Every structure is written in structure tokens, then in C-alpha cells.
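J.: The structure that follows is given in the form of C-alpha cells.
FYI, it's all coordinate maths here, none of it is from the lab. What you see is a predicted model, and the numbers here were worked out from it, not measured in a lab. For neighbour counting, all protein chains shown are included, and Cβ atoms are generated from backbone atoms with ideal geometry for every residue, glycine included.
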Amino acid sequence: MGPLRRRRLKRLARDGAAPLNVPFYHRVATSHPNPWTIHPDQFRRHIDYLMDHLQPVDLATVQHRVEAGVNHHPTFTVTFDDGYADNMDDALPMLAERQIPTTYFVTSDHISTGRPFAHDVKAGQPLPVNTVGHVREICDAGIEIGLHTKRHVDFAKINTTAQVDDEIIGGKKDLEDMIGRPVRYFAVPFGMPPQITSAVVDAAHRAGLKGLCSAFGAYNLVGRDSYHIRRFHGDPQFGRFVNWLSFDPRKASAEPVVDVTPSVADEQQSNAESNLTLPLSTAIAPASLPPTALPQ
């Protein structure tokens, strides 16, 4: 990180406007290299850098500070999308052991059936996905489980409200039944503006989800809408990853506009249903299994 970026970050922190960083990953493994896989050594390097330079917080704290309008230290939260079985070998045990705030977004149908993702099958790499047992053990080890729909659908290609509701509202119920705990957060598959439709936003609110995560590459800044959690790719190229963490003004200014405000009717229903769900400040249950309880 250059001196100008470092000086800017210090000034932002002093003013209570430090960025809150949420990188996302998919798969940490040594086999089948592809654009969404990072080597365990490189992933560990990412985590070491994050712990040395930023403050670890969970997603609820990100939202609280964004909403409060004050953040005096650059922060980070780790997230994963999809739910690959290989993450049980290195990434998840290490994150649990070091107590790194992590949210692990999974697709409920793939978890329950063991069916590989269509994009992996198409690429000739039908990579194994997490099992129901895996997800329960991940949750018990202190890592929060989030929703990534039922079937990893592309919402830009779905036109009916019933389909959207099934993927989000139905998927949340299936996942909660699976792990026996509330599911608070939702990561939109692909996570680009075309996928974050008004139907998706409305369904997320009606499901009682506390936040919606995008994936187009952006920073969480104080004073913004805290429901929309902005994320960027945990780039395997370390220099590019550090550049994101330096608060690149070009990337900040290039963020697309996405509206996550629900329709009036859906907002009223969501507010009524929120009385039946855990409040945002409710902590995740402490780990009941040591990190070594995760399958190796």
C-alpha cells in the first residue's frame, strides 16, 4: 500500500469514516484450479494480512456501524458463497480456530441432495458440495450460515414472483430446518446489478432476512443503507487484493447504483414479521465444537 493511500485511510479513520471491507471467496483447495478457487497458502496469506491491518467484525457489526455513521478503524468480515466440500480441509478449520468472523452462504437444495453446481458440471469439474452434516458442524464451530438460494439461480433470468419466493423464502425455511437456527443473511447468486431485482429485494425483506449481499465489488461506508452489504472478490492475486483493502478511489467511484428499498406493501409485511425473528443484535450461539471437530 502506497503512502498516499495509507494517509487517506488514516484520515478516514480519524473522521469516523473508515471503510468496512467484506471480501468473498468460493473454494479453498489445491486441486482443480479455476477462477473461483484460491490455494490454501494464498488464502492464509489473505487472512494474515487482514488480521495484521484491519479489525475483524461480523456482518451485524458492519451494519450497525454503517447505520450509526461512525467507524474509526478499517474492518473486515470473511464470507464464502456456494458451499464446497473442499473448504472443510483447510479454510474452515483455520477460520474457526482463529475465531475469524465468517458467514458461509450455501444453497439449500445442493446441500440436501449433494448435487454439484451446473457451472461446475458444464466446466467438466463436478466438484463435491458440502453435506447437511458439514453445514451443521460449521455452524456449531461458530461460523454463521447464510442463504445463497435453493438452487444457485440467476435471478436476471427468472420472471415470476413465485419462483423468486421459492428460492429465497422457501430456501431460508429449508436451511433453518436443516441447521436448527435462524438464517439472517442472504447473498445473491452472481450478485451483480441485473440479479438484484425488485422481486429479489422484496422477497428478502418478506423472508425476514437482515441483510442482502451483492458481489459486484464495492465498499461499505458509513451513512449508507445498511441492508445492502457490499462485497468484493478475495482475489488470488495478492497485489490486487491489497489494492482493494487500500480503499481505491477509482473502485469506490465506479460502484453501480442498486436500490434495495422494498415496495411499501412488502416493507409493512417485513416489519410485522421481524417481530417474530431474532433482532439484528442477537449474537450467534457460541461454538459447541472445537475447530478440530470439523471433518479433515
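J.: Please compute the contact order of the chain in relative form: average sequence separation of alpha-carbon pairs under 8 Å and at least six residues apart, divided by the residue count, as a percent. If you can, show how the numbers build up before the last one.
T.: Numbers: 555 pairs, mean separation 66.9, N = 296.
Normalised by residue count, the contact order of the chain is 23 percent.
J.: OK, next. With the cut-off at 17 Å, report for the stretch 60-137 the share of all Cα pairs above it, as a whole percent. The partial results should precede the final answer.
T.: Details: 1661 of 3003 pairs.
Here the long-distance tail beyond 17 Å is 55 percent of all Cα pairs in the stretch 60-137.
J.: Remind me, what semi-axes does the chain give for its equivalent ellipsoid, largest first in whole Å, using sqrt of 5 times each Cα gyration tensor eigenvalue?
T.: 27, 24, 19
J.: Give me D for the stretch 122-179 in µm² s⁻¹, whole number, from Stokes-Einstein with Rh from the Kirkwood sum over alpha-carbon pairs, 4 °C and 1.567 mPa s. Present the calculation step by step, with values, prior to reporting the outcome.
T.: Details: Rh = 13.1 Å.
Taking Rh from Cα pairs, D becomes 99 µm²/s.
J.: To continue, here is another question. Taking 0.36 nm per residue of separation and subtracting the Cα-Cα distance, what length does fully extending R98 through D41 add? Write out the running numbers ahead of the final one.
T.: On the way: separation 57, 0.36 × 57 = 20.52 nm, distance 1.56 nm.
Answer, rounded to one decimal: 19.0 nm.
J.: Over the C-alpha atoms of the stretch 2-60, what are the Rg and the largest Cα-to-Cα span, Dmax, in Å?
T.: Just the Cα atoms of the stretch 2-60 yield Rg and Dmax of 14.9, 45 Å.
J.: State, to one decimal in nm, how far the label point of A17 lies from the label point of D89, with both points 7 Å from Cα in the Cβ direction.
T.: Result: 4.5 nm between the two label points.
J.: Apply the Kirkwood formula to the stretch 126-260: the hydrodynamic radius equals the inverse of the mean of 1/r over all pairs of different alpha-carbon atoms; give it in Å with one decimal. Could the numbers behind the result be given before it?
T.: Working: mean 1/r = 0.0619 Å⁻¹.
One over the average 1/r among Cα pairs gives 16.2 Å for the stretch 126-260.
J.: Over the stretch 31-149, calculate the relative contact order: mean separation of alpha carbon pairs under 8 Å at least 6 apart, over the residue count, as a percent. Don't skip to the end; give the middle numbers.
T.: Values: 133 pairs, mean separation 29.4, N = 119.
That works out to 25 percent.
J.: OK, next. Using helices alone, what [θ] at 222 nm do you get for the chain, with -39,500 (n - 2.57) per DSSP H run of 4 or more residues, divided over all residues and rounded to the nearest 500?
T.: Numbers: 13 runs with 110 residues, N = 296.
For the chain, the value works out to -10000 deg cm²/dmol.
J.: For the stretch 21-30, just list the computed ³J(HN,Hα) in residue order, Karplus coefficients 6.51, -1.76 and 1.60, θ = phi - 60°, integers in Hz, with x standing in for Gly and Pro.
T.: 8, 10, x, 10, 10, 10, 9, 10, 6, 9
J.: State the extension gain, in nm to one decimal, for the chain segment bounded by E176 and R250, taking 0.36 nm per residue of separation less the distance between their alpha-carbons.
T.: Gain on extension, E176 to R250, equals 22.7 nm.
J.: Check the straight Cα-Cα distances from K157 and name the lysines below 30 Å, setting aside those fewer than 8 residues away within the same chain.
T.: Counting by Cα, and skipping residues close in sequence, K157 has these lysines nearby: K122, K172, K173, K210, K251.
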